[in-house]
Amino acid sequence: MKKNLYNVSQIELTYKPKLKASERPVIKCMEDVYGIFMQCWDKGKIDLIEEFKMILLDKGSAVLGVINISSGGMDSVIADHKVIVTAAILGKASGVILAHNHPSARLFPSERDIALTKTIKVAASSLDIAVVDHLIVTQSGYYSFANKGLL
């Protein structure tokens, strides 16, 4: 049988929740968010390499999951807005909270951090996905883009 070279490839879309809705933690404050991220961060890497993670949220701010987006080097990480938005869509998220660490332990964003956050916010909002916050995390605390008016 000859294959049709002009058929469009498809991704099968399914949703397989791992927890019942009633079992999901609900975000009430940024300290909750920081705690969740710190539970998911490899403590052996947080002071060594930059990593980018994302919490997926439903409409009621319940956590759908935490996704590792990418790992980088000692002073940078690449986070592709297309990967981030795709993960949010596939995870059925209404909102996301972004986070990356600074191995230097500096709790303030670079110009690249600010520009990336704006790019992700524009891409996500075009699909009705809210970027609730972006945290920079270290073992000693966090910086919230939302709290500083950068969202």
Under DSSP loop assignment and at most 10 Cβ neighbours within 10 Å, longest chymotrypsin sites (Phe, Trp or Tyr not before Pro)-free interval of the chain: 16-151
Nearest 10 degrees is fine. How inclined is helix 30-40 to the longest principal axis of the chain, computing both from alpha carbons? 70
Once the Cα gyration tensor of region 31-144 is found, what semi-axes does its equivalent ellipsoid get, as square roots of 5 times the eigenvalues, in whole Å, sorted largest first? 21, 15, 12
Return the loop-located trypsin sites (Lys or Arg not before Pro) in region 26-118 (DSSP other than H, G, I, E, B) with at most 16 other Cβ atoms within 10 Å of their own Cβ; answer none if there are none. Lys28, Lys43, Lys45, Lys59, Lys92, Arg106
What lysines sit close enough to Lys59 to cross-link, taking a C-alpha to C-alpha distance under 30 Å and skipping anything fewer than 8 places away on the same chain? Lys16, Lys18, Lys20, Lys28, Lys82, Lys92, Lys118, Lys121, Lys148
Under 14 Å from the Leu48 label point (7 Å along Cα→beta-carbon), backbone N, region 66-108: 71-75, 103
Point-charge dipole on Cβ atoms (K/R +1, D/E -1) for the chain, about Cα centre, debye to 20: 560
How charged is the neighbourhood of Trp41? Take every other residue with its Cβ under 13 Å from the Cβ of Trp41, and add Lys/Arg as +1 and Asp/Glu as -1. -1
Scan around Val131 for amide H atoms under 5 Å from its own, H built in the peptide plane at 1.01 Å from N, and keep only partners 5 or more places away or cross-chain. Val96
As a test, work out the antiparallel percent of DSSP beta bridges whose residues both lie in the chain, rounded to the nearest 5. 70
Sum -39500 (n - 2.57) across every DSSP H segment of at least 4 residues in the chain, then divide by the residue count to get the 222 nm mean residue ellipticity, nearest 500. -7500 deg cm²/dmol
Residue among Val63, Val83, Val96 with the largest mean-square fluctuation in a Gaussian network model of the chain, springs linking Cα atoms under 10 Å: Val83
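Read-outs throughout are calculated quantities, based only on the coordinates presented, and are distinct from any laboratory measurement. Source: prediction; values computed, not measured. Here Cβ is always computed from backbone atoms with ideal geometry, including for glycine, and neighbour counts include all displayed protein chains.
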